[in-house]
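Derivation of every value follows stated rules applied to the coordinates shown; laboratory data play no part. Only a predicted model underlies this, so the values are computations on that prediction, with no experimental measurement involved. Ideal geometry is used to build each Cβ from the backbone, glycine not excepted, and the neighbour counts take in all protein chains shown.
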Amino acid sequence: MEESIPLENPLMSRRQLLNFLTGAAVAATATAALYPAAKFFVPPAEGSEDGSLLAKDIYGNLIPASQILAYPLGTRALVAGLAGEPTYLTVREDGTLHPWGIVDNCTHLGCTFPWNPNDNQFQCPCHGSRYDPEGTVVRGPAPLPLKLVRVAVAEEAIWISPWKETDPRTGKKPWWV
Ligand code: FES
C-alpha cells in the first residue's frame with residue numbers, strides 16, 4: 001500500500017521561499033561588505049619566501065594600510081618591520097605610502113630616533129646625528145645613511161621586504177647588503 005503524501009501548503013511554501021531569499025540576500029550583502037576586512041584579518045601568510053613580512057604594530061597585530069593612510073600627509077608612522085625592526089613608513093603627499101621604509105636604527109651606535117616634523121629631519125637623541133627625510137646623513141657622527149626596506153601595499157596588507165638593489169640615495173650598492 002502506498003504512503004499518502006501530505007499536500008503542501010502553497011502559502012507556507014511561498015513564505016518559506018521569501019524568507020530564504022531575504023536571508024540569502026542579507027547574507028550576501030553582509031559578506032560583500034565584510035569581505036575586504038575579513039580577508040585582511042585572515043591573511044594567506046604573514047611572510048613569504050623572498051623575506052617579505054606584513055607590517056605589524058608594537059603588539060604584533062597586523063596593521064591595515066587604510067589605518068596608516070588615514071594619517072595626515074607627511075606622517076612618519078612607526079611599525080614593526082623585518083625581524084621586528086622599528087621602521088618608519090611615510091605617507092606621501094599623494095596619499096600613498098612611500099615605496100621605501102626607513103629603519104629606525106642610527107648608523108652611529110644604533111639608537112632609535114624620532115622624526116622631527118618641524119625640522120623635517122630624523123634626529124638621533126644619543127649623539128646628535130641628523131638625517132634628511134630620505135635617511136641621508138646631514139650631520140654626524142653617523143657615518144652612513146639609514147637602512148632602507150621595500151614597502152608595497154596589496155589591498156589592506158603592507159608588505160615589507162629587504163632592499164637589495166642599488167641605494168637610490170647614493171647610487172651604490174647598499175651598505176647593509
Ligand atoms: Fe645616533 Fe650616536 S647613536 S648619533
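Measuring nothing but how far apart in sequence close Cα pairs (under 8 Å, 6+ apart) lie, relative to its length, segment 53-162 scores a relative contact order of 24 percent. Would segment 35-177 count as rounded, prolate or oblate if I go by the C-alpha gyration tensor, calling it rounded below 1.5 in a/c and otherwise prolate when a/b exceeds b/c, oblate otherwise? Prolate.
Please report Rg over Rh for segment 76-154, where both radii come from the alpha carbon positions and Rh follows the Kirkwood definition. Computed over Cα atoms, the ratio is 0.95.
Modelled spin labels at ARG169 and ASP57, positioned 7 Å past Cα toward Cβ, are 2.8 nm from each other.
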